[in-house]
1. Restricting to segment B:141-189, name every residue that is among the hydrophobic types (A, V, I, L, M, F, W, C) and outside any helix (DSSP H, G or I).
2. Taking the condition within 14 Å of chain A (Cβ to nearest Cβ) and in contact with a Lys or Arg (Cβ under 8 Å, 6 or more places away or on another chain), does B:Gly99 pass?
3. Only residues that are open to solvent by less than 50 Å² (accessible area, probe 1.4 Å), in contact (Cβ under 8 Å) with a residue 40 or more places away in the chain and in a helix (DSSP H, G or I): list them for segment B:29-45, please.
4. Residues in segment A:169-179: is at least one more than 15 Å from the chain's Cα centre (by Cα), under 25 Å from B:Gly99 (Cβ atoms), of a type outside the set (Val, Ile, Thr) and modelled with pLDDT of 95 or more?
5. Which of (1) open to solvent by 90 Å² or more (accessible area, probe 1.4 Å); (2) in contact with a helix residue (DSSP H, G or I) (Cβ under 6 Å, 6 or more places away or on another chain) is the odd one out, the single condition B:Arg13 does not satisfy?
6. Select from segment A:79-106 the residues that are outside any strand (DSSP E or B), more than 7 Å from chain B (Cβ to nearest Cβ) and either farther than 20 Å from A:Ala163 by Cα or more than 26 Å from the chain's Cα centre (by Cα) (or both) and list them in ascending order.
7. Mind listing whichever residues of segment A:57-67 are in a loop (DSSP other than H, G, I, E, B), in contact (Cβ under 8 Å) with a residue 24 or more places away in the chain and more than 18 Å from the chain's Cα centre (by Cα)?
8. Any residue in segment A:184-203 that's more than 12 Å from chain B (Cβ to nearest Cβ): show its pairings with residues that are open to solvent by less than 10 Å² (accessible area, probe 1.4 Å) and among the small types (Gly, Ala, Ser) at Cβ separation under 6 Å, as long as the two are six or more apart or on different chains.
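The values are calculated or read from the model by the stated rules, or taken from the named source; none is laboratory data. The shown structure was predicted, so the numbers you read here are calculated from the model rather than taken from an experiment. Every residue, glycine as well, gets a Cβ built from its backbone with ideal geometry; the counts of neighbours run over all protein chains shown. For the accessible areas, the whole protein counts, side chains as well, though only heavy atoms, and no ligand, DNA or RNA atoms are used. Shrake-Rupley method; radii C 1.70, N 1.55, O 1.52, S 1.80 Å.
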Amino acid sequence: MPEKPDLDRYPELAERWNRRNFIKSAAAGTALMALGGAFVRLAADDLTKAARAATRPDGRSKLPPGQRVLEFLRPMGGDAGDGKSETFKLRVHGLVKHPFEVDYDNLLKLPQVEKIADVHCVTGWSMLDGKWKGVQIKKLAEVAEIKPEARFVILEAANGFTANIPLKEAFADNALITYRLNGKPFALDHGAPVRGLIPDLYFWKSSKWLTGVKFVKDDQPGFWETRGYHNHADPWKEERYG
Amino acid sequence: MVEVKKRWRAWLRALHRDFGYAAIGFTVIYAVSGIAQNHIEDWGDVSYKATERTFSIPAIADSVPDAVAVKTVADAAGLGVPQSSTRAGDELRLEYGDGVKVTAIGMTVTVQTRTRRAFIGIANWLHTARHKKAWKYLSDAFAVLLLYLAFSGIFMIKGKLGLKWRGTILISAGFAVPVLYVALAGGPDGQRDTDAIAKAAAPRAKSTPPEALTPAPTLTTPPSEATPTIDANPAGSAVLVPLPPDE
């Protein structure tokens with residue numbers, strides 16, 4: 001640490017001395033903040049530790065790598081729809097024998113399921129053991145009579161958003177068109193009135209503000225998949241970016 | 001010649017100053033919303049303030065007329081007549097304007113509100129140029145302005161405080177930070193914890209064939225070509241509106 005000069009005797013040094021001290025303070029403050037942030041990240045909370053130690057029925061870790069547990073869904077933005085059940089319409093179309101459109105009232109008259117599922121956001125948080133209610137995507141395929149050549153599902157949402165999902169994940173038992181989580185309706189930030197749920201892929205694949213389910217033969221990368229995110233998005237393989 | 005050089009640098013400084021003034025508004029918008037976007041995993045989308053409260057009411061029987069059910073729930077929530085309402089399954093949804101929504105499911109009523117935050121809500125909206133027409137080009141212009149500010153800054157001052165000493169050191173430091181970060185972090189693929197990935201996925205029992213060779217999963221109930229009976233109708237009691245096939 002250099003000795004402070006006699007600024008009364010050498011006033012021409014004052015500006016340079018003050019600037020040097022300012023830069024030092026700024027650098028120290030930035031370093032402190034960065035270290036503090038890193039420490040908070042490294043000190044994993046109990047929920048995250050417990051989830052890391054747990055195993056799913058399929059043998060995989062309950063918590064995919066690089067994730068931490070939250071007890072709620074975090075709003076992540078997006079171009080929201082109007083959120084109204086009154087105007088909601090879901091189009092089921094593409095490679096199906098009987099394409100159809102269903103409104104909110106009749107969506108709730110389709111065979112319903114309630115599934116416990118975890119969701120994993122690509123930004124690093126996961127919400128575990130949510131109770132989701134809705135209609136299985138494979139049930140919609142059954143009702144519309146999917147054609148054998150279909151290989152992918154495109155979840156279509158408000159303002160042109162799309163997400164592509166291989167049938168393997170879209171036809172999982174807990175892959176749903178869902179309108180309720182833990183007994184409550186979704187807030188607009190979370191996709192009200194109806195959103196997708198594809199638990200085994202990163203959560204952006206679970207399109208909010210759903211407007212359509214389209215069955216296609218060839219893969220059609222969607223909104224985020226054409227903007228640098230991974231086309232498949234398996235959280236256990238950390239398929240975050242393309 | 002000396003005069004020409006002096007004038008050239010003076011023009012550079014004058015433009016740098018004026019463009020700097022002009023850039024302040026854009027800079028504040030992009031900087032503040034950029035910090036919000038950087039921390040979205042911690043803070044979520046801060047554009048909106050959302051609230052939710054729940055309370056219980058006596059169950060409303062299916063036989064209660066819609067208008068009575070709506071009034072019961074609206075009164076319990078302390079709100080007036082809704083703009084619209086939907087009664088579906090075990091739900092009664094009341095939609096109000098200005099982001100207020102009330103949903104009764106059985107005996108539980110949930111009141112959800114959502115309002116855009118004044119500054120950050122607009123700044124975040126502006127930050128992503130998608131679905132905006134003129135703003136896309138205005139923000140392009142701002143980016144060009146920033147490039148001018150960066151490059152003109154290099155040549156504004158000559159001598160030891162310019163490129164001969166301080167300028168070169170600080171420019172190098174500015175480039176070194178991202179270069180070092182990428183080198184130390186191993187680039188985009190280096191962020192992945194390969195050991196953790198292997199461990200998380202390891203216990204999977206059987207190997208799966210490549211995606212292209214994976215047969216389409218079969219449905220639990222195969223689509224029937226026969227005329228469905230009421231019990232066999234996979235759509236339950238839902239009324240579906242037929243659509244023409246996609247082209």
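1. In the first step, residues of segment B:141-189 are kept if they are among the hydrophobic types (A, V, I, L, M, F, W, C); the result is B:141-147, B:149-151, B:154-157, B:161, B:163, B:165, B:169-171, B:173, B:175-177, B:179-180, B:182-185.
Hits for segment B:141-189 are B:Met156, B:Ile157, B:Leu163, B:Trp165.
2. On the way: within 14 Å of chain A (Cβ to nearest Cβ): yes; in contact with a Lys or Arg (Cβ under 8 Å, 6 or more places away or on another chain): yes.
Against the criterion (within 14 Å of chain A (Cβ to nearest Cβ) and in contact with a Lys or Arg (Cβ under 8 Å, 6 or more places away or on another chain)), B:Gly99 qualifies.
3. Answer for segment B:29-45, where residues must be open to solvent by less than 50 Å² (accessible area, probe 1.4 Å), in contact (Cβ under 8 Å) with a residue 40 or more places away in the chain and in a helix (DSSP H, G or I): B:Ile29, B:Tyr30, B:Ser33, B:Gly34, B:Ala36.
4. Yes.
5. (2)
6. Once the filter is applied, which keeps residues that are outside any strand (DSSP E or B), more than 7 Å from chain B (Cβ to nearest Cβ) and either farther than 20 Å from A:Ala163 by Cα or more than 26 Å from the chain's Cα centre (by Cα) (or both), segment A:79-106 yields A:Thr87, A:Leu95, A:Lys97.
7. Step one: filter segment A:57-67 for residues in a loop (DSSP other than H, G, I, E, B), giving A:57-60, A:62-67.
Among the residues that remain, those that are also in contact (Cβ under 8 Å) with a residue 24 or more places away in the chain are: A:60, A:62-67.
Of everything in segment A:57-67, just one residue is in a loop (DSSP other than H, G, I, E, B), in contact (Cβ under 8 Å) with a residue 24 or more places away in the chain and more than 18 Å from the chain's Cα centre (by Cα), namely A:Arg60.
8. So the pair list comes out as A:Gly196/A:Ser206; A:Gly196/A:Ser207; A:Leu197/A:Ser206; A:Ile198/A:Ala175; A:Ile198/A:Ser206; A:Pro199/A:Ala117; A:Leu201/A:Ala233; A:Tyr202/A:Ala233.
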